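The values are calculated or read from the model by the stated rules, or taken from the named source; none is laboratory data. The model shown is predicted, which means the values in this text are computed figures rather than measured ones. Glycine gets a Cβ as well: all are built from the backbone with ideal geometry, and neighbour counts include every protein chain shown.
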Amino acid sequence: MTYGQILLVLISGFIGWVTNWIAIKMLFHPREPINLFGLTIQGIFPKNQSQFAQKLGKLVSGEFLSFSDIEKKISEPGNIQKMMPLIEQHVDTFLNKRLSEQLPMISMFLGDKTIAKLKATFMQEIETILPAVMRSYAGELRTDLDLEEIITEKVSRFSSDRLEELLYQIMAKEFRFVEWVGAFIGLLIGLLQVALGSWLN
């Protein structure tokens, strides 16, 4: 290969790399619309952030996180059992301390055995009704909170700079790979041009 042919291959590889580098940058830049020769140019993410936020809100609230999932999770027997020690502690405090403070006359007639029976009865009743209470609470949350709206609003307000930073942290290797693929394809095109030029001459 002559010096000119080598230069042609290298330039083709460089053009391929630059083209993909620009394509990646145009995901995020320019942040604000720029009018260039009658064309409005803006980065893909900044331009479509509101639509992206709406679709993400629907996806997360419909597929990944729903009140049905929350309701099912918080009313599972295993999760209810995790709450019982804290509830038992409060019942103990109420029967052994607060009851005597609030109703001293009644507490005078309650011995340790009676308090133990009251505690056992309270705990059994609480454990019985707690799943229904948690499901009811989740139902009220469903009415009061709109997950889709909350997620959409949060993503809409998300900084484009922060989004770019996060995506580069996650996909830096992938972005570099895309750039080098562009360079490799450019080199192949350059080699093909050289081969065709030599064959035609």
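The one condition from (1) free of Cβ contacts under 8 Å to residues at least 12 places away in the same chain; (2) within 20 Å of S160 (Cβ to Cβ); (3) surrounded by 13 or more Cβ atoms within 10 Å (Cβ to Cβ) that Q42 does not meet is (1). Set side by side, the residues I87, I80 differ, and just one is at pLDDT 85 or above, touching an Asp or Glu at 6+ places or on another chain (Cβ under 9 Å) and under 22 Å from A132 (Cβ atoms), which is I87. Once segment 172-197 is narrowed to residues that are within 18 Å of I22 (Cα to Cα) and of a type in the set (V, I, T), the residue that is surrounded by the fewest Cβ atoms within 10 Å (Cβ to Cβ) is V181. Applying the set (1) small (G, A, S); (2) in contact with an Asp or Glu (Cβ under 9 Å, 6 or more places away or on another chain); (3) modelled with pLDDT under 75; (4) buried (at least 16 other Cβ atoms within 10 Å of the Cβ) to A53 leaves exactly one unmet item: (3).
Residue under question is E127, and the condition is that it be without any contact (Cβ under 8 Å) to a residue 60 or more places away in the chain and surrounded by 15 or more Cβ atoms within 10 Å (Cβ to Cβ); does it hold? So E127 fits the description; yes.
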